[in-house]
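Working notes, beginning with the structure itself.
The values are calculated or read from the model by the stated rules, or taken from the named source; none is laboratory data. No experiment lies behind these values; they were computed from the predicted model shown. Cβ sites come from the backbone with ideal geometry, for glycine too, and all protein chains shown count toward neighbours.
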Amino acid sequence: MIPYRGEHIWAGQWGHMLVILSFVSAFCLALLCVAKTKFNLKHWITTGVIIHAISVAAVAGLLIFMLLQHFYEYQYVWQHSNSEMDMRYIFSCLWEGQEGSFLLWLFWNSLLCIGVWYQLRNSTLLKPVLSILFLIQAFIASMLLGVYVLDYKIGSSPFLLLREHSDFMHLPFVKSPEYLNRLDGRGLNPLLMNAWMTIHPPTLFLGFALTGIPFAFALSGLWQSSKPSMWAPAAYPWAIAAMAVLGIGILMGGAWAYEALSFGGFWAWDPVENSSLVPWLLMVAGTHAILLNLRKKGSNASTYISTILPFLTVLYSTFLTRSGILGNASVHAFTDLGMTGQLLIYLITFVYLAVAPVISNSIARAAYLVLSPLVLIMAAVYQHIPWGFYIWISYTLIHLFILVYSWFIASENHLFHSQRSSFMRMGILWILLTSAMILFFTSVPVINTLFSKHYAPPSIDTYNQWMTPMVILILFLMTWAHQLTYSKNYALQVLYKIRWWSLLALAIAICICVPFYILNPPKGYYSIWYWQLGLCVLVLICIWGLFLHLRNILRIKASVWIETGGALAHIGFILVILGAVMSTSKKTNLTSRPQAEIPGIKTNAGSIMLTRGDTVQLGPYWVTYAQKKRVGMDVFFTIQYFHKTASQQFIPAFTLQPKVQDNPRMGKAADPDTKHFLSHDVYTHVAYADLTDQTQAQGYSQPVNMLGHIGDTISLRQYLLILDSIRTQIGNADSSMRVTLVLRGIDVKGSEFMAYPTLEIKNRMLIPKPYEIKDKGLKLVFWNIKPEAQSFEITVQENAALQNDFIVMEAYAFPFINILWIGVMVMALGTFMTLFKYIFKSSS
Amino acid sequence: MTKSKAFALLAILVGISAIGFQLWKSIEAPSSGSLGYANFTQAALQPGKEFHVVGTCDRKRPMLYNPKVNPDIFSFFLTDQNGTQRQVNLHKSKPQDFDKSEQIVLIGTIQDSVFEASDILLKCPSKYNETTSR
């Protein structure tokens, strides 16, 4: 035993114990809730819920305490924080790692469990719903256990000592008892030191946790073979909350990508983004299905499917992003923490729990019960032979198909009647189809693994093209459904009622589309006529939807203003789509250079090189790279944008300061800067730069001698120098005289500066005084005067270091991006209004 | 089952299978974009077609980035997963964290024995993940 000094062993012991307590309490509660006894277990459950919540909160609190106190003997603390970092990012450290993000999920879930327990405390739904929720909790808590069972590691603990971590235990430095004195943490990823990053993950995980609640309601309903109307009223507010929070969380991620990452956009159809988008889309379908079920009984199948799927896709996303299967497909490089098997057990268990109750044949159900664990065993034994998966997936799909088929046959709903419910049902189906498409595209790496293929992940264009018709139809269905009532309608009558609004929408859409899309078609695939048409239809349907939902809002009485929530949320969604479509299709690269096409090669001429002090034209602006400044790890580049007036004058427009973080431990990370205007954004990103500071470098060029008369102009690389006049001062002593040459300098932007090199004449001796203008990088020596020829000699040096300092820069203009952000806010507002309306209505 | 319902079911089935077929085609044989992951040898069999190539940069051989001539060309040598080496012309600015990258995914075509890449994905120890830099 080595007597280590300064370690806080108690923290890790408490942490381990609390994690185990939270796991055991969750597992026991799950069992307790399904137990069939005649005892009254109510108080036991209450106690259990509280113990569980306290233990989870204590784990989180302890980890934050350890991060604050810099307990670097713990691997998690060492890896995600250091002593230099700003303490406001302490929470980012908490959830940067995989263990921390599971802890976050666990924490939100434990709070939500209390909420559900409070809501259902006097209901018969309490036990079945809590049993599912605590089963979920037990699974998540097991991810943090970090214990070994028969050589298989279950979970990964955030309370592991650095010297016990497999990467470090054999390193010599941990053998020293004093190793802690020399240890500082590795620190937080620079990309995550961002305000968005402190709020985006907790919001997203709250959304993920919230999808678990409608899932728990639906699953308990399925196992009791009850109709969704039994649980729909209780699940509805949770579904709305899940939809709202998940939606906000996703778009916060978009805002983060837009503001802080160098993607050059807010959405890149990255697998990680998609895997939060799909649960949201399905939750939207689920919320509407529950709403439909509340208004009109029936549509049981779609309610069950669309409330169960969001959580299953959350699990699937967790599997995708945490198992390392995405490998080369994502810009987000997640590594395998050796929990793939555990995540798979988690996924398969819940798929089993969702599918098994709908298999009516008892033999088939038993077969499914045997097959599911068999898949795992086969996967564990034959690691590369996925035959078990083929059988299991086809078995699951066949039963789902039979189920949907039988429900379709049995349902008495008429799909094609002109009433709101029919169109809502169609919309729900259409969202399911859209989600399936995105999920299919995102799963290409999984398909590659399962079927040993080498397909490339689909390009952004492929996604955009496939989504165009889907979104058009979703927007049409949601708008049209909102014009109908739940009773019978006559389509022609409704059309007649909305004729003026529709015509106005058409006129405005034409006004937008003709200048933007028809006269100036965007580049890329949009130049093909049918995509151009698709864009126009999309814009038209957005405007139409906006107007008709506005009509709906205006028809609602002011006294029941809270009823407008649904229509507002729809307007918000339409604005998000409109903003996304317009800013993406009309995104212009300001730094694109004309370049000869090389046949067969896709070249980007998307960036330019700017030398310090140079001014070049970028679209409507003139741009100067003015300055480079190092503040700690960050190197800031000052980029000035100018307007040029008709009289050739440069008026400063705005200044941007993109930066590159030069982190010795993490590498270099660029952080773009964006100027926001009402109508558009200008995004500027330094793609490549020399980060060494050369401002004070002694890099002056060889002196060049110039001979000139008054009125002459010397032209330099960056400036014009005009010999304006001379001033002569006779000194006190008769023999001395000082001659000052007045030079008027003009830079490329036409702004002027003055230079006054002087020459002293003492006893017929010429004593030149070097004159330097540091910020212009100019050195002048006025050294000779020829009175008879009225000419002067002057040597000029320019700072070569300034000339050699360059950046490679990209700039984009995103028009109408604010429509998107306004849409997000309107959507959130509308959804929360609906949520509060429902909560107040059900409590009063 | 009524006649209209059977018809609707048939229409839905036909519709979904048509969409499914198109989806599969867009993955298997995309009309534009990359045909999939390949090594240099496979990509060279179909010059002019786009592929994803995974490999590592050979840092012993020259890397050329001269933004004064063209900020959007960066040349280096990549060793693919089979060990084959080829010159790569990346038609983009040199990624800032290129020097720390481990694995590289390039998207591009082979033209005259040079791999002309239009896009690059870097796997760095820095991005997001947990890999410790040892």
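Points worth noting:
- Selection status of B:Gln96, surrounded by 14 or more Cβ atoms within 10 Å (Cβ to Cβ), closer than 20 Å to A:Ala456 by Cα and facing chain A (nearest Cβ under 8 Å): no
- Sole residue being over 18 Å from A:Pro201 (Cα atoms) and under 35 Å from the mean Cα position of the chain (by Cα), chosen from A:Ser156, A:Ser123, A:Ser176, A:Ser110: A:Ser156
- Any hit, the range A:367-384, residues being assigned to a helix (DSSP H, G or I), of a type in the set (Val, Ile, Thr), at negative phi and at pLDDT 80 or above: yes
- Residue match in the range A:490-507 (condition: surrounded by 20 or more Cβ atoms within 10 Å (Cβ to Cβ), out of contact with any strand residue (DSSP E or B) (no Cβ under 6 Å at 6 or more places or on another chain) and assigned to a helix (DSSP H, G or I)): yes
- Looking at the range A:726-843, the strands (runs of 3 or more DSSP E) lying wholly inside it that each contain 1 or more residues that are exposed (fewer than 14 other Cβ atoms within 10 Å of the Cβ) and outside the structural domain of A:Ala689 (by TED's automatic domain parsing) sit at A:752-755, A:758-762, A:765-769, A:778-786.
- Breaking point among (1) part of a loop (DSSP other than H, G, I, E, B); (2) in contact with a helix residue (DSSP H, G or I) (Cβ under 8 Å, 6 or more places away or on another chain); (3) farther than 30 Å from A:Tyr4 by Cα, for A:Ser226: (2)
- Check on B:Gln96, farther than 30 Å from A:Asp614 by Cβ and not basic (Lys, Arg): no
- Of residues in the range B:71-93 being more than 15 Å from B:Phe40 (Cβ to Cβ) and among the small types (Gly, Ala, Ser), the one nearest to the other protein chains (Cβ to nearest Cβ): B:Ser93
- Unique match (being crowded, with 24+ Cβ neighbours inside 10 Å and on the phi < 0 side of the Ramachandran plot) among A:Ile154, A:Ile199, A:Ile140: A:Ile140
- In the range A:547-568, the residues that are without any contact (Cβ under 8 Å) to a residue 12 or more places away in the chain form Cβ pairs under 7 Å with partners that are surrounded by fewer than 22 Cβ atoms within 10 Å (Cβ to Cβ) and of a type in the set (D, E, K, R), at six or more places apart or across chains, as follows: A:Ile556/A:Glu563.
- Selection within the range A:566-596 - assigned to a helix (DSSP H, G or I) and over 26 Å from the mean Cα position of the chain (by Cα): A:Ala567
- Residues in the range B:1-50 that are among the hydrophobic types (A, V, I, L, M, F, W, C), more than 7 Å from chain A (Cβ to nearest Cβ) and under 14 Å from the mean Cα position of the chain (by Cα) were compared, and the one that is surrounded by the most Cβ atoms within 10 Å (Cβ to Cβ) is B:Ala43.
- Count of the range A:603-654 residues which are part of a strand (DSSP E or B), within 14 Å of chain B (Cβ to nearest Cβ) and within 16 Å of B:Pro71 (Cβ to Cβ): 8
- Residues of the range A:453-470 classified as more than 9 Å from every other protein chain (Cβ to nearest Cβ) and under 19 Å from the mean Cα position of the chain (by Cα), total: 3
- Some residue of the range A:127-148 being among the polar types (S, T, N, Q), farther than 20 Å from A:Val245 by Cα and in a loop (DSSP other than H, G, I, E, B): no
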